Amino acid sequence: MTKKRKRKIVPRVGMPMRDAVERGKIFSEVALGYEREHAVKEAKRCLQCKKDTCRKGCPVEVDCKKFINLVAQEQFEEAFRIIKDTNSLPAICGRVCPQENQCEGSCKLRPTGQPIAIGRLERYVADNFYARNSCEEETGFMECMLPDESLKVAAFGAGPSSLTLAGYLAARGIKVTVFEALHEPGGVLVYGIPEFRLPKSVVKREVESLKHLGVDFRCNFVGGMSVTIDELFSEGYKAVFIGVGAGLPRFMKLPGENLVGVYSANEYLTRVNLMHGYKFPEYDTPVPEGKRVIVVGGGNVAMDAARTAYRLGASKVTVVYRRTKGEMPVRREELEHALEEGIDLEILASPLSFSGDEHKNLNKVVLQRMELGEPDASGRRRPVPIEGDTFEMETDLAIIAVGTGANKVLTQTTPDLKLNKWGNIEADSLTGETSIANVFAGGDIVTGAATVVEAMGAGRIAAKEILRRLKPEAVQE
Amino acid sequence: MINKILKKRILIPDKVSELTVYAPHIAKNARPGNFVVLRLTPTGERIPLTIADRDPEQGTILIVYLVLGKSTALLDTFAEGDTILDLCGPLGKPTHITRSGKVLCVGGGTGIAAMHHIAKGNYEAGNQVISVIGARSQDLLLFKPELEKISAQVLVATDDGSLGHKGFVTEVLKKYLEDNNDVHEVVAVGPVPMMKAVAGVTAPFDVRTIVSLNSIMVDGVGMCGACRVSVKGETFFACVDGPEFEAAHVDFDELMMRLNAFKSQEKQSMALFEKRQ
Ligand SMILES: Cc1cc2nc3c(=O)[nH]c(=O)nc-3n(C[C@H](O)[C@H](O)[C@H](O)COP(=O)(O)OP(=O)(O)OC[C@H]3O[C@@H](n4cnc5c(N)ncnc54)[C@H](O)[C@@H]3O)c2cc1C
Ligand SMILES: Cc1cc2nc3c(=O)[nH]c(=O)nc-3n(C[C@H](O)[C@H](O)[C@H](O)COP(=O)(O)OP(=O)(O)OC[C@H]3O[C@@H](n4cnc5c(N)ncnc54)[C@H](O)[C@@H]3O)c2cc1C
Ligand code: SF4
Ligand code: FES
């Protein structure tokens, strides 16, 4: 048998980056994005496979093969339309999706280690062909339908799930009002993910384009408190979508966890991002200061907190994770960026207790050494403590990023809503409908903390079902 | 217009004022014990203030603030006709009010305003309200006339003895509990040391005692954990699990130390604000 000659692997076109030393001090975006020639060159690497597995890898099934081909031919506007067909927030997804587990993870070139940089291409197209007209962008028509004021739909929470739902319905003539508890729409995109990874201007642009479509945003309205589902139905709303996310930070129930100096990643990031605390005292919200910082966790949230602390002047930032580097759920690119910037990793370790000085200010953490044991339900090897093997680290700021649970404000005031044992809302996977008729839910409040694109997918499923019920003549598929 | 200040009543010049704010959706749904979170300017922070009263017909809520630092000092520059940029509420679990009989409502300092709404809720539920209020001196006592309308009795303590008992509210409270054995519940709102002392006083009397905790908050809807407090060794978020808790099991010392977490930055903010004024 003749051996197949190994095809020469053309490496991916690299992404221009802000220098690691320079960016360590500032909040400007790290990944600068492709230039036109990078994008075209990268797109030309695509094999245009007959069985385009990349598409199946995408939770919203972007037609990657087709749009990449259009980029290779420099037809950016067409490419944009193909992406927008199924993905309503491509400038955001191109930046924050874990592509290595999705489209790029399913790319035929993946085994070579050089899959097509689909995320970077998506971002290039979205950033550079930003439609002149939000209506056209959603529907392909230049003129938008005026929303029919008698077909009113409400959404709770202004995260990616609700934004997607609002865009889909508004473009099809349905009046959507989004009620958001915080003073700005965007959900995690504005309060959680830092500026250096996702500029707030990108999120604002998406929100503005929804306003163009006639979507109303009512900030400072808490579903279940400022306005209830019953009130909305009696005011003539025909359907309600719940996209309130999984924002309740988990703590570890360890001694000393309430000391001054121990924060949830959500608090830390909210102070910095939503409240602009990194510009204190120009902005009023203070951010806890720390020189020797530890961050507990291994996901995007942990890495975002660590890189933020570093930018705010910490001299040493250590991410403590109980498994090993390969098991960290963080987006690969972010882990690489963090390491380049000088973040330390302490793997196979987990905090046992925190202690403080006489003013109860944190000054030390005791950690437990771990090893990997048998695989657990998730298929990953379970971290088990090594009896007696503990060590200490001096620290004046500890940030806990070990996950979040379901937001409870709405669910606790809406007793008819059926929840699962973790407090997440039960919703039909095909329609998004909850135990209350015409009340839908999607995103992290249903699945638990997941990803932006999955939340968008859920928003789209519910939007389609709502459209089918309210305006069957507008359903295309 | 929504969030507009319709009326400002100065209760203690440069220190405490009461604002009547137009916010119909909050007025409609607010219940005793609820609070709002507000933000005054695009660079401002979010601060929680208790809803001291509401008028669903007029669509208004009442808030009473004590000037302590930058944000409350800034709020004090707002006048009738001005609009609060962001006003979010009602937040927190409302006071659990049942028709129980006699309820002792204890208020200290600005806490008297917050306590007023709870006392009123109890009155409206048919309970007999005994109000116990305290301040440094007579002219710093808030809401006395309002409380007199709904209370069977208003007992007063002042530090300087200018009105009522000379000393602390807790002394009045203790005496009342010794003399009367028909009290069903004690509710206390005020500075943390006062609430801690109330917990100490009522402990031997076996009477349900509720305090309203004022921990530092950011979002006020359960997403940050800044407001966490320890009750019976367990961590709760004051904004969504509270702000009211059973006094006996609250770790007041931890609360006090957590309230001091940002002291140096708060000073810096205030100094900058005063310089620019
Ligand atoms: C720091 C951080 C980094 C992340 N990084 C990534 C990443 O790189 N890639 C990725 O794919 N995913 C990432 N994620 C996860 C992703 O952001 C979420 O899965 C996604 O945002 C969920 O969207 P959602 O629509 O369900 O709700 P959310 O984005 O959580 O938004 C919910 C909104 O509802 C509001 N709300 C809550 N309660 C109420 C109420 N009662 N009434 C009205 N409004 C309410 C909240 O204020 C919030 O604005 C990250 C998450 C965090 C925290
Ligand atoms: C549920 C609740 C209800 C409240 N109700 C009232 C009320 O009706 N009237 C009133 O005058 N005050 C009330 N407070 C306290 C009020 O929120 C603080 O006095 C205010 O935030 C101080 O802000 P500042 O910028 O003026 O002062 P700062 O100088 O910033 O702070 C002074 C002190 O206030 C506390 N504080 C600071 N920031 C916050 C914050 N974001 N949240 C809570 N406390 C903070 C800290 O202990 C701090 O040391 C309440 C607090 C809570 C939690
Ligand atoms: S699997 Fe990879 S190479 Fe094949 S079409 Fe998709 S992106 Fe191109
Ligand atoms: S204030 Fe953020 S959780 Fe309570």
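Annotations for the structure displayed:
- Subset of the range A:290-322 [farther than 20 Å from A:Thr404 by Cα and basic (Lys, Arg)]: A:Lys291, A:Arg292, A:Arg311, A:Lys316
- All positions within the range B:233-244 that are more than 11 Å from chain A (Cβ to nearest Cβ) and open to solvent by 20 Å² or more (accessible area, probe 1.4 Å): B:Glu244
- Qualifying residue in the range A:61-79 (condition: more than 16 Å from ligand 4 (Cβ to nearest atom), under 22 Å from the mean Cα position of the chain (by Cα), away from every other protein chain (no Cβ under 14 Å) and assigned to a helix (DSSP H, G or I)): yes
- A:Lys421 charged (D, E, K, R) and part of a loop (DSSP other than H, G, I, E, B): yes
- If you filter the range A:22-47 down to residues that are more than 25 Å from the chain's Cα centre (by Cα) and open to solvent by 60 Å² or more (accessible area, probe 1.4 Å), you find that the one that is farthest from ligand 3 (Cβ to nearest atom) is A:Glu22.
- Within the range A:257-300, the residues that satisfy the criterion of being of a type in the set (Val, Ile, Thr) and under 25 Å from the mean Cα position of the chain (by Cα) are A:Val262, A:Thr270, A:Val272, A:Thr285, A:Val287, A:Val293, A:Ile294, A:Val295, A:Val296.
- Residue selected from the range A:429-454 under the condition open to solvent by 60 Å² or more (accessible area, probe 1.4 Å) and closer than 17 Å to A:Lys418 by Cβ, by the criterion farthest from ligand 2 (Cβ to nearest atom): A:Leu430
- Positions within the range A:461-477 being touching a residue at least 40 places away in the same chain (Cβ under 8 Å) and either of a type in the set (Ser, Thr, Tyr) or open to solvent by less than 50 Å² (accessible area, probe 1.4 Å) (or both), in sequence order: A:Ala462, A:Ala463, A:Ile466, A:Leu467, A:Leu470, A:Lys471, A:Ala474
- Scanning the range A:169-210 for residues that are away from ligand 4 (no atom under 16 Å from the Cβ), assigned to a helix (DSSP H, G or I) and of a type outside the set (Lys, Arg) yields A:Leu169, A:Ala170, A:Leu189, A:Ser201, A:Val202, A:Val203, A:Glu206, A:Val207, A:Glu208, A:Ser209, A:Leu210.
- Members of the range A:234-290 that are under 24 Å from A:Tyr321 (Cα atoms) and assigned to a strand (DSSP E or B): A:Leu248, A:Pro249, A:Val260, A:Val262, A:Tyr263, A:Ser264
- Candidates are the residues of the range B:8-23 that are touching a residue at least 12 places away in the same chain (Cβ under 8 Å) and in a loop (DSSP other than H, G, I, E, B); the one that is surrounded by the most Cβ atoms within 10 Å (Cβ to Cβ) is B:Ala23.
- Cβ-Cβ contacts under 7 Å between residues 6 or more apart (or on different chains), taken from a first residue in the range A:411-422 that is closer than 14 Å to A:Ala437 by Cβ and of a type outside the set (D, E, K, R) to a second residue that is in a loop (DSSP other than H, G, I, E, B) and open to solvent by 60 Å² or more (accessible area, probe 1.4 Å), are listed as A:Leu417/A:Ser435.
- Residue check, B:Met217 of a type in the set (A, V, I, L, M, F, W, C), more than 8 Å from chain A (Cβ to nearest Cβ), in a helix (DSSP H, G or I) and more than 16 Å from ligand 3 (Cβ to nearest atom): no
- Test: residue in the range A:74-85 that is closer than 25 Å to A:Met328 by Cα and either open to solvent by 30 Å² or more (accessible area, probe 1.4 Å) or away from ligand 3 (no atom under 14 Å from the Cβ) (or both): no
- Residue that is most open to solvent (accessible area, probe 1.4 Å) [pool: residues in the range B:220-232 that are at positive phi and more than 7 Å from every other protein chain (Cβ to nearest Cβ)]: B:Lys232
- First in the range B:219-248 and among the charged types (D, E, K, R), second anywhere and modelled with pLDDT of 95 or more and within 6 Å of ligand 4 (Cβ to nearest atom), Cβ under 6 Å, 6 or more apart: B:Arg228/B:Phe237
- Exactly one residue out of A:Glu235, A:Glu195 is away from chain B (no Cβ under 14 Å) and open to solvent by 30 Å² or more (accessible area, probe 1.4 Å): that is A:Glu195.
- Failed item, numbered, when A:Phe221 is tested on (1) away from every other protein chain (no Cβ under 11 Å); (2) crowded, with 17+ Cβ neighbours inside 10 Å: (1)
- Tally, over the range B:246-277, of residues that are open to solvent by 20 Å² or more (accessible area, probe 1.4 Å), within 16 Å of ligand 4 (Cβ to nearest atom) and more than 8 Å from chain A (Cβ to nearest Cβ): 1
- Selection from the range A:95-114 of residues that are more than 11 Å from ligand 1 (Cβ to nearest atom), crowded, with 24+ Cβ neighbours inside 10 Å and not charged (D, E, K, R): A:Cys103, A:Cys107
- Residue ID - least open to solvent (accessible area, probe 1.4 Å), chosen from residues in the range B:48-97 that are more than 16 Å from ligand 1 (Cβ to nearest atom) and either among the basic types (Lys, Arg) or facing another protein chain (nearest Cβ under 9 Å) (or both): B:Ser71
The values are calculated or read from the model by the stated rules, or taken from the named source; none is laboratory data. Fair warning: this is a prediction, and the values are worked out from it, not measured in the lab. Cβ coordinates were reconstructed from backbone atoms using ideal geometry, including for glycine residues, and neighbour counts include every protein chain displayed. The protein model used for the area step is the full one, side chains on, heavy atoms only, and it has no ligands, DNA or RNA in it. Shrake-Rupley method; radii C 1.70, N 1.55, O 1.52, S 1.80 Å.
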